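All of the numbers you see were taken from the coordinates with simple rules; none came from a lab. Quick caveat: nothing in here was measured; it's all calculated off a predicted structure. All Cβ positions, even for glycine, are placed from backbone atoms using ideal geometry, and neighbour counts span all protein chains on display.
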Amino acid sequence: MINQYLQAAIPSVSFANAELQEFIDYRPDAREVRKALAVKLVYQGYKYEEIQTILDVSVGSITSWKQSYEEYGISGLRLNHKGRKSYLTAQQREEVLSGLQRKECWEIGELEYKLAFEYDLTYESKRSYYDLFDAAGISWKKTTSLNPKADEDAVAAKKKRLKHCWQGIRRKSKQES
């Protein structure tokens, strides 16, 4: 009777191994993979201390991951953290990006003022403003099609002068020998 209850409560080992292996193969987040791998190793008969040494996790974590898997299945191994909510909605962000692209030259203070005035938003870090510039395709580096210091006539004259110098040095060395 107890065995029937346990078999109903815990997925079969072969099914669990296949399900866990598929989860491990297709999850990009290493933290989720570590959880699934720990649970898989438990079902394969490894001792908790061995898993602790292999994966460098605590025995308590292994226990809680296993219990979570038994209660919720694969979804119990997924991370619950969804990230921080953006200050700008998707629509507001698109408006800001299109506004940034309309003007050729920007200063960071202008963007700070625009966001504070229009959206009542002030970022703590300059990085957020830089990311908006980057998303809009605006670079802080000044680009030019030509090197402003390059004067073709001056460069040609210097090359000509250097050419004559080298020839003059060669002539002297030939006459001396």
Subject >> DSSP-loop GluC sites (Glu not before Pro) across the stretch 74-139, with at most 10 other Cβ within 10 angstrom >> reply: E104, E107, E124
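In a shell of Cβ-Cβ distance under 14 Å around K114, excluding K114 itself, what net charge do Lys and Arg (+1) and Asp and Glu (-1) give?
With Lys, Arg at +1 and Asp, Glu at -1, the neighbours total -3.
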Subject >> log₁₀ of I(q)/I(0) at q = 0.16, 0.17, 0.18 Å⁻¹ - the stretch 19-126, Debye sum with one point per alpha carbon >> reply: -0.71, -0.75, -0.81
Subject >> Distance in nm between pseudo-label sites at Y26 and N80 (7 Å out along the Cβ direction from Cα) >> reply: 2.5 nm
